[in-house]
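Have a look at the structure below before the remarks.
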Amino acid sequence: MPNSATHSYWLDCKATLGSKEKPSDGGICVIGSGLAGASTAYFLEKAGMGPVTILDYQAENAASFRNCGHILHGTVESMKALSSLHGKDIAKDIWGLSVEICDQVKSTVRDLKLDCDYKQDGYLVIAIDDAELEELHESVELLSSNGFENNFVSKEKLEKLGFKNVKGGRFEPGSAQAHPVKFRNGLMSEAMKSGSQYHSNCKVLSVDEQNGRVKVETEAWGNLFFDAAVIASNAYSPLLSDFYKSHKLVEPFKGQIITSKPLSSRIPVTYPHSFDHGYEYALRTEDNRLMIGGWRNNTPGGEIGTYDITPNPSVEQGLKDFTKHHYNFDETIDWEYSWSGIMATSKTGFPFIGPTYSPLIFTVGGFTGHGFSWAHGSAKILVDIMAGNKFTKLAKHFNPRLL
């Protein structure tokens, strides 16, 4: 079993990769083959909008293969923070859309019969200080008053679940988890069955409109020409899109995760959970490992603005110390995996979905740490926009051309 400093536990299940031959011109080009790119190709084919050509570069470095497997209601903000930033009505609508998006993931798993370890067993948010506890209480009240199922979890109950040095929690039953590589592989397989052409190791240098077509400049094959293109590269989008770069739509940040060897005692919390306003996040794997990530907010600069996926030793040690402080294990934990991935924090806190400066060049990205569900659901919204189908009125909040 690989045990390098950058190898993700999820990548023990190898990511499906594409051909290294030169792509053909024409049709729609999807740049990026992670959750957003694979989902976009799948929905384009389902809508009868092929031919689709998928291009990627160093795919296994993508954040889609380096996350924590959480499929969560909401956004990166708590309901309290979301309401304060955007008003209660918009917060309610966005939260409701996030529920629909998580349901879309569930429907796709069911419809395609994907073997991706999907489980809808809820999500636990844990407060570790008094200020976070107060925000948690307010979020519980706001969510409940808007009809979203969730409940407060006492400190005593959390301690029975194996946590310590905590203040209280919020549990919602609707969130889920899955194996991100298996889910993405399943989507990619379905898209390719429907006719999508997938090409790996094809570095895209720029995307521009030229004479009524989209020119995609590549390092290996020079210029390729398509009828339309979708930038689904998330944090890497500014490296190939002047629109992303000039509008500063997203900023890259490094998310780091460590994963233990299988533990001898069963971890009692089977569902995804997080602490410290979501800055630390964790999961119990199918083979009873503890996977925990985050802690970047405790480092100078917050790991923002980097494309270097080399793990930070101080973050790794911080996660180990955090685990000792907040989990009550009877055994010594042996850590086996340590890796990082580059995610994208959005300028607005919401994803960007829709056309860029050109009506032929679209984008879907900027998931701010909630990419598993939002990448898939955002791709569905984008394809509905491209196909002229009915789509959510909330798409106006995700329009990259409004900035």
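The values are calculated or read from the model by the stated rules, or taken from the named source; none is laboratory data. Owing to the predicted nature of the structure, the values given are computational and were not obtained by experimental measurement. Here Cβ is always computed from backbone atoms with ideal geometry, including for glycine, and neighbour counts include all displayed protein chains. The accessibility values were calculated without ligands, DNA or RNA, using every heavy atom of the protein model including side chains. Shrake-Rupley method; radii C 1.70, N 1.55, O 1.52, S 1.80 Å.
GNM, the chain, Cα, under 10 Å: largest mean-square fluctuation among Gly74, Gly48, Gly377? Sorting by GNM fluctuation, first place goes to Gly48. Computed from the Cβ-Cβ distance with R0 of 25 Å, the FRET efficiency linking Glu286 to Leu85 stands at 0.10. Share of the stretch 135-194's accessible area from carbon and sulfur, percent, 1.4 Å? For the stretch 135-194, the apolar C and S fraction of the accessible surface comes to 46 percent. Here the 3J(HN,Hα) profile of the stretch 194-199, calculated from phi with Karplus coefficients 6.51, -1.76 and 1.60 at θ = phi - 60°, is 7, x, 4, 9, 10, 10 Hz, Gly and Pro shown as x. Calculated on the alpha-carbon coordinates, the convex hull of the stretch 76-225 measures out at 200 cubic angstrom per residue. The separation of the stretch 335-403 from the stretch 305-320, counted between C-alpha centres, amounts to 26 Å.
Ordering Pro268, Gly162, Gly48 by the projection of their Cα atoms onto the charge dipole of the chain, which places +1 on the Cβ of Lys and Arg and -1 on the Cβ of Asp and Glu, puts Gly48 at the extreme positive end. Ellipticity at 222 nm from helices only: DSSP H runs of n ≥ 4 in the chain, each -39500 (n - 2.57), divided by the residue count, give -9500 deg cm²/dmol.
Of the GluC sites (Glu not before Pro) found in the stretch 212-315, those that fall in a DSSP loop while having at most 14 other beta-carbon atoms within 10 Å are Glu219, Glu286. Remark: the chain carries a charge dipole of roughly 600 debye about the Cα centre, counting +1 on each Lys and Arg Cβ and -1 on each Asp and Glu Cβ. Which of Ala47, Ala344, Ala375 moves the most in a Gaussian network model of the chain with Cα springs under 10 Å? So, out of Ala47, Ala344, Ala375, the one fluctuating most is Ala47. Solvent-accessible surface of the chain, averaged per residue with a 1.4 angstrom probe and all protein chains in place: 41 square angstrom.
Here the stretch 40-97 exposes an accessible surface that is 48 percent carbon and sulfur, computed with a 1.4 Å probe and the other protein chains kept in place.
Using only side-chain charges placed at the Cβ, +1 for Lys and Arg and -1 for Asp and Glu, the dipole size of the stretch 189-338 relative to its Cα centre rounds to 120 debye.
Around the Cα centre of the stretch 257-403, unit charges on the Cβ atoms of Lys, Arg, Asp and Glu (plus for the first two, minus for the last two) sum to a dipole of about 860 debye. Between 0 and 90 degrees, the angle of helix 35-46 with respect to the longest Cα principal axis of the chain falls at about 50 degrees. Annotation: lysines with alpha-carbon distance below 23 angstrom to Lys164 (same-chain offsets under eight excluded): Lys155, Lys261, Lys320, Lys324. Dipole orientation for the chain: of the candidates Val99, Leu360, Ala81, Leu360 has the Cα lying most toward the positive pole (charges on Cβ; Lys, Arg +1; Asp, Glu -1). Placing pseudo-labels 7 Å out from each Cα toward the beta carbon at Lys193 and Ser154 gives an inter-label distance of 5.0 nm. Mind sorting out which of (i) 131; (ii) 147; (iii) 173 is the real volume of the Cα convex hull per residue in Å³ computed from the coordinates? So the structure-derived entry is (i). Each peptide among 227-234, 350-357 gets the average number of other Cβ atoms lying within 10 Å of its residues, and from highest to lowest they stand as 227-234, 350-357.
Helix 371-387 axis versus longest C-alpha principal axis of the chain: approximately 30°, rounded to the nearest ten. Among the listed pairs Lys80/Lys157; Lys20/Lys393; Lys80/Lys106, those whose Cα-Cα separation exceeds 31 Å are Lys20/Lys393.
A DSSP coil position with no more than 16 other Cβ atoms inside 10 Å describes the following trypsin sites (Lys or Arg not before Pro) in the stretch 204-282: Lys248, Arg266. Solvent-accessible area assigned to carbon and sulfur over the stretch 329-391 amounts to 52 percent, based on a 1.4 Å probe.
Let me check against my output: what whole-number percent is the relative contact order of the chain, with C-alpha pairs under 8 Å and at least 6 apart? With pairs under 8 Å counted, the relative contact order is 24 percent. Annotation for the stretch 1-64: trypsin sites (Lys or Arg not before Pro) lying in DSSP loop with at most 15 further Cβ atoms inside 10 Å of their Cβ are Lys14, Lys20.
Taking each residue as 0.36 nm, the span from Asp227 to Phe329 lengthens on full extension beyond its C-alpha to C-alpha distance by 31.1 nm.
Annotation for the stretch 4-67 versus the stretch 160-187: alpha-carbon center distance of 25 Å. Note on Gln317 and Glu209: with the Förster distance fixed at 56 Å, the Cβ-Cβ geometry gives a FRET efficiency of about 0.70. Full extension of the segment from Ser246 to Ala395, taken as 0.36 nm per residue of separation minus the current Cα-Cα distance, would add 51.4 nm.
Between 0 and 90 degrees, the angle of helix 313-326 with respect to the longest Cα principal axis of the chain falls at about 40 degrees. Both numbers refer to the Cα atoms of the stretch 268-403; Rg and Dmax are 18.6, 58 Å. Note on the stretch 124-176: Cα Rg divided by 2.2 N^0.38 Å, N the number of residues, gives 1.09.
Computed extension length for Tyr307-Asp103: 70.3 nm, one decimal, from 0.36 nm per residue of separation with the Cα-Cα distance subtracted.
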